[in-house]
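Here's the structure, in structure tokens; my notes come after.
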Ligand SMILES: *Cc1c(COP(=O)(O)O)cnc(C)c1O
């Protein structure tokens, strides 16, 4: 039995997008960012499709442990590192590479010898003012890490850009300049670029790149979509019509009844809603594909259902497949309608949505 709502994940598209990263940054190693359950696509499934990447990056230590327990042997950077001795010990036990972003983490590291060496990254705050040590702290932290007997050498040096998706913004050259000044005479390897930087700022490519969103086929730039960047969408979110009916001119649809039929209207009800991660704020008119045809949302998104104006698709009937985003309907477009970013739509797909691999989904996909 097919689940009512499901997300088809295309492993070939993931591999295609990884190859696209390598086209942009042929001299760099690639740390595939798979945090937040692989941007909602399923951590292990994504990591398996991307096992040719040079390493993985996760946000939290638990995500790194999950990869190790599933048998992945690649390098794994943990972008938030550790906050206490227990998390530090987990990094050691599971051979995870913590990002060190504060002097407190260095005190913890130096407190007592580790049973086996650790391979950290040191992160500079070059202007985003989220995680990272300041430019004054950076050389001191680096000196400590170079001298610590249980730190494997050389470590990695990194920073994160706040505005890389704004291609005419001055912050990126400023951040890069600050980072370059801090690492000027260092023999360590470096990493700067997220997806937007990989595509728009060649100077940021460095020894390692850290693509996230582009691996999932999504453009990081507002007003553009992945296909325009040579990327393929990885997730297609689907459901099906569970009811189709005629409404009369003047009938109101959904909670608060704020969509009113301007004429007699064929209405479809699809089994997907905000309980599946479809954005509740998507307004009437947001496009949805029914039988491959564009129709518009009519009325408010409910927890388990959405209502569709089928005027453009008069032959639609119960059981017809419905696509919310992905193949044929860029998630970027839905994000624009819902006044959010594609990252949130992908990450917010809930547990109830079954994730199917493209081939396993068969003809229904
Ligand atoms: C999430 C993240 C990335 C990947 O960002 P995208 O915009 O998805 O490419 C890279 N580096 C760090 C530090 C991150 O937190």
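Going through (1) away from the ligand (no atom under 16 Å from the Cβ); (2) over 25 Å from residue 22 (Cα atoms); (3) surrounded by 16 or more Cβ atoms within 10 Å (Cβ to Cβ) one by one, residue 44 falls short only on (2). Being farther than 14 Å from residue 100 by Cα and within 16 Å of the ligand (Cβ to nearest atom) holds for only one residue in 175, 153, and it is 175.
Report yes if residue 280 is more than 30 Å from residue 29 (Cα to Cα), part of a strand (DSSP E or B) and outside the structural domain of residue 29 (by TED's automatic domain parsing), otherwise no.
no
Quick check, is residue 161 within 12 Å of the ligand (Cβ to nearest atom), in contact (Cβ under 8 Å) with a residue 40 or more places away in the chain and surrounded by fewer than 21 Cβ atoms within 10 Å (Cβ to Cβ)? Don't jump to the end; show me each part of the working.
Details: within 12 Å of the ligand (Cβ to nearest atom): yes; in contact (Cβ under 8 Å) with a residue 40 or more places away in the chain: yes; surrounded by fewer than 21 Cβ atoms within 10 Å (Cβ to Cβ): no.
Answer is no for this residue.
Checking each residue in segment 224-252 for being on the phi > 0 side of the Ramachandran plot and either buried (at least 23 other Cβ atoms within 10 Å of the Cβ) or touching a residue at least 12 places away in the same chain (Cβ under 8 Å) (or both) picks out only 230. Which of the residues belonging to segment 88-141 are more than 16 Å from the ligand (Cβ to nearest atom) and closer than 18 Å to residue 191 by Cα? Within segment 88-141, 119, 134, 135, 138, 139, 141 meet the criteria.
Test residue 198 against the stated conditions and say whether it is within 16 Å of the ligand (Cβ to nearest atom) and modelled with pLDDT of 95 or more.
Values: within 16 Å of the ligand (Cβ to nearest atom): yes; modelled with pLDDT of 95 or more: yes.
Spelling it out, residue 198 is indeed within 16 Å of the ligand (Cβ to nearest atom) and modelled with pLDDT of 95 or more.
Just so you know, in segment 1-17 the residues that are farther than 19 Å from residue 331 by Cα and touching a strand residue (DSSP E or B) at 6+ places or on another chain (Cβ under 7 Å) include one that is surrounded by the fewest Cβ atoms within 10 Å (Cβ to Cβ), and it is 3.
Residue count for segment 20-36 satisfying the condition of being more than 13 Å from residue 234 (Cβ to Cβ) and either outside the structural domain of residue 191 (by TED's automatic domain parsing) or in contact with a helix residue (DSSP H, G or I) (Cβ under 7 Å, 6 or more places away or on another chain) (or both): 6. Residues in segment 109-134 that are over 29 Å from the mean Cα position of the chain (by Cα) and farther than 20 Å from residue 75 by Cβ: 110, 111, 112, 113.
The values are calculated or read from the model by the stated rules, or taken from the named source; none is laboratory data. Predicted model only: the values in this text are computed from it and were never measured. Note: ideal-geometry Cβ built from the backbone for every residue, glycine included; neighbour counts use all protein chains shown.
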